[in-house]
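The values are calculated or read from the model by the stated rules, or taken from the named source; none is laboratory data. Every value quoted in this text rests on a predicted model; they were computed, and no experiment measured them. Cβ sites come from the backbone with ideal geometry, for glycine too, and all protein chains shown count toward neighbours.
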Amino acid sequence: MPTIDNQLALMMLRWIHFIAGVTWIGHLYFFNFVNVPFAKTMDADTKKKVVPQLMPRALWWFRWGAMFTFLSGWVYLFYKLHRVDGLPMSSLLDTAWGKWISLGALLGSIMWFNVWFIIWPIQKKVIAGVKGAGPAVDAGVIRRAFLASRTNTYLSMPMLFCMGAGSHFTRFSPTAAVAVLALGALVAYVLIEVVSTKAGAEA
């Protein structure tokens, strides 16, 4: 049984993880469900007004939400296993909880990498190009950031399931994991390709 100090530390890490995660994934969904359809309606002059004001602010919350989610999640796991349970990290794979959390952490880490090493570096150049402070970015490079963001949206659905399953779903199997990945991808596809193209269009 964790001491009160360890319970408090773990709860604070969870709290940080929740707040940062909501901030990160909320902005991810804003970009993919709202901003991408909206951006298609803007002409060049409108982009020059909107992009320099909107994107630096949104991307600041987006990337730092990703960073604090990533760091707090891994610190939580290390602290719980080593400080509280006295176990090696490899023990994550000994329980259903650990397997679900490990899969979710893997997906989340891939998403974090995409944010910091693909999406943000490219978006910095895009913003500078729109402001006239740098050269225009090649369409192929922009598409690379778009695909990384889309990939994160697809990965986010099974990732969120895994995080919930760690505490509320006591069975794990490779078949269940594959099913969750497939179902999550299907949900993301429907939200991106069907719902977001029509949402608010009639308002």
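Summed over the range 155-199, residues that are without any contact (Cβ under 8 Å) to a residue 60 or more places away in the chain and among the aromatic types (F, W, Y) total 2.
List the helices (runs of 4 or more DSSP H) that sit entirely inside the range 91-203 and contain at least 3 residues that are surrounded by fewer than 15 Cβ atoms within 10 Å (Cβ to Cβ) and at pLDDT below 95. Quick ask: steps written out before the conclusion?
Details: elements: 96-114, 120-131, 139-168, 174-189.
In the range 91-203, 139-168 are the helices (runs of 4 or more DSSP H) which contain 3 or more residues that are surrounded by fewer than 15 Cβ atoms within 10 Å (Cβ to Cβ) and at pLDDT below 95.
Checking each residue of the range 20-34 against the condition of being more than 15 Å from S156 (Cα to Cα), without any contact (Cβ under 8 Å) to a residue 40 or more places away in the chain and surrounded by 13 or more Cβ atoms within 10 Å (Cβ to Cβ) gives no match.
Limited to the range 1-19, what total is found for residues that are free of Cβ contacts under 8 Å to residues at least 60 places away in the same chain, within 24 Å of M159 (Cα to Cα) and aliphatic (A, V, I, L, M)? Break it down stepwise before answering.
Within the range 1-19, the subset free of Cβ contacts under 8 Å to residues at least 60 places away in the same chain is 1, 3-5, 7-8, 11-12, 15-19.
Applying the additional criterion that residues be within 24 Å of M159 (Cα to Cα) yields 11-12, 15-19.
With aliphatic (A, V, I, L, M) added as a condition, the list becomes 11-12, 16, 19.
Residues that pass the stated criteria total 4.
Go through the range 36-53 and give me each residue that's touching a helix residue (DSSP H, G or I) at 6+ places or on another chain (Cβ under 8 Å) and without any contact (Cβ under 8 Å) to a residue 40 or more places away in the chain. Passing the criteria: A39, M42.
Within the range 60-74, the set of residues being under 12 Å from the mean Cα position of the chain (by Cα), surrounded by fewer than 21 Cβ atoms within 10 Å (Cβ to Cβ) and over 18 Å from I122 (Cβ atoms) comprises F68 only. Yes or no: R83 assigned to a helix (DSSP H, G or I) and closer than 30 Å to W60 by Cα? No.
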